[in-house]
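Report on the following structure.
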Amino acid sequence: MPLPIFSSRLQCSSSYSSRSSFPRPKPRIDPSSTLIPGLSNDIARLILSSVPYPHISRLKSTCKSWYAFLSSKTLISLRHRRDGNNSNNTTLSQLLCIFPQDPSISPPFLFDPVTRSWRSLPLMPCNPHVYGLCNFVAVALGPHVYVLGGSAFDTRSFPLDRPLPTSSVFRYNFVKSIWERLAPMRTPRGSFACAAIPGSSDKIIVAGGGSRHTLFGAAGSRLSSVEMYDVEKDEWREMDELPRFRAGCAGFIVGNEKEKEEDREFWVMGGYGGSRTVSGILPVDEYYKDAAVMDLRVKGGDKWRNVGDMWGEGERAKLGKIVSVDCGGKSEFFMLDGDWILRYEMGVNRWKKESSLPKKASYDKPVGFVAVNGELHVMILLDGYSLMDARQQSNAGSLMIHVYDPKKKTWRSVVAKPPFNHQLDFRTTVMCTIRL
């Protein structure tokens, strides 16, 4: 209902101003306090830091010493230090960060696919004049999740029913457990390509986008601008524009963190640019079949090259949901197209059928597609979910997750129970992975 949502935004805005300026103090660790009787605190900290991250919040109420340690910066540092000392980097599993709706009115959640445990995160800072945020992008770098851009409605704009893109950037700091407002992008945008570039100097790159809102099927602007964010300096710089306007696209980095920056590439796939009308009335997007690739060079360069059409006429109308998986130090692209998983073959510039889903999903069900721990997760809502049945919106139902291992080429399925009080709509849900 609009009124409760609006009132919650006002309440959130007024309370956040005090929280952001004066964050809640964390209890300090008393070196003399015993964490686990009979063990030294050094060993006890290693044991507690091995607990799956979504369970940590429930352990804080055990005792004061546990609350102090599990709320400290030492916890995240120990977990990442242990992961860095492991040559295979497999100590910490990837967690899925899910944004069901506008994160300023509906809290995001962390989900551990291994233990199937959930943990809610605080609401993102909100603006009482802005509502209905969607088409934003979430990306993780280190112990942080960044929320960039999006499209929303602003009560101060005219006309009121026209969505506007936003340039705002927020970061959730898992060390401090707070949201932080960062330098905004130079150009407001939503539905854009975005990728994190980890390394000695962490960066985030964004490209394309527009102002389209999920409430409008075909409308909004298109962009070709490209920007890069320097995490350490908290500033954006402009880069060479895309060869043409492109919105609704996907972005990935080809190459792993161990390679030099100039050996990596930024791929922008799919999306739409121009539009046409059917019978002179209904607007229809013209979807792209190609990709644009930028060589990431330290000094200059920033040149784009075009990759031709990835499929022929009649194969599909547009690019499906795409994920990138690191397979032995090599980036592999996978796409969910209906009931099929497709693998991108760079040598021939074509999508090839990899495997079909073990159980076909009904076409009226939204499906999520994400890569976690090197495996592909296809997420389908159960319990007879229907987008047209409003009576089923009071609970989230169950979540069937089909997991595909690209190396072993095998499937397995698990069922999870989401903690949401509403149904997930994977057409608008935003997801990213983070290693904690």
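FYI, it's all coordinate maths here, none of it is from the lab. Please read all numbers here as calculations on a predicted model, not as lab measurements. Cβ atoms come from the backbone with ideal geometry, glycine included; neighbour counts cover every protein chain shown.
Protection proxy ranking, highest mean first, for peptides 404-415, 65-76: 65-76, 404-415, where packing is the per-residue count of other beta-carbon atoms within 10 Å, averaged.
Counting every other Cβ atom within 10 Å of each residue's Cβ, 334, 369 order from fewest to most as 369, 334. Is segment 124-319 best put as rounded, prolate or oblate by its Cα gyration tensor, with a ≥ b ≥ c the root eigenvalues, rounded for a/c under 1.5, and otherwise prolate when a/b is larger than b/c, oblate when not? Because a/c hits 1.5 or more and a/b fails to exceed b/c, segment 124-319 counts as oblate. FRET efficiency for the pair residue 409 and residue 55, taken as 1/(1 + (r/R0)^6) with r the Cβ-Cβ distance and R0 = 41 Å, rounds to 0.80. Protection proxy ranking, highest mean first, for peptides 142-148, 50-56, 167-173: 142-148, 167-173, 50-56, where packing is the per-residue count of other beta-carbon atoms within 10 Å, averaged. Non-local lysine pairs in segment 124-319, meaning eight or more places apart or on different chains, with alpha-carbon distances under 23 Å, amount to 16.
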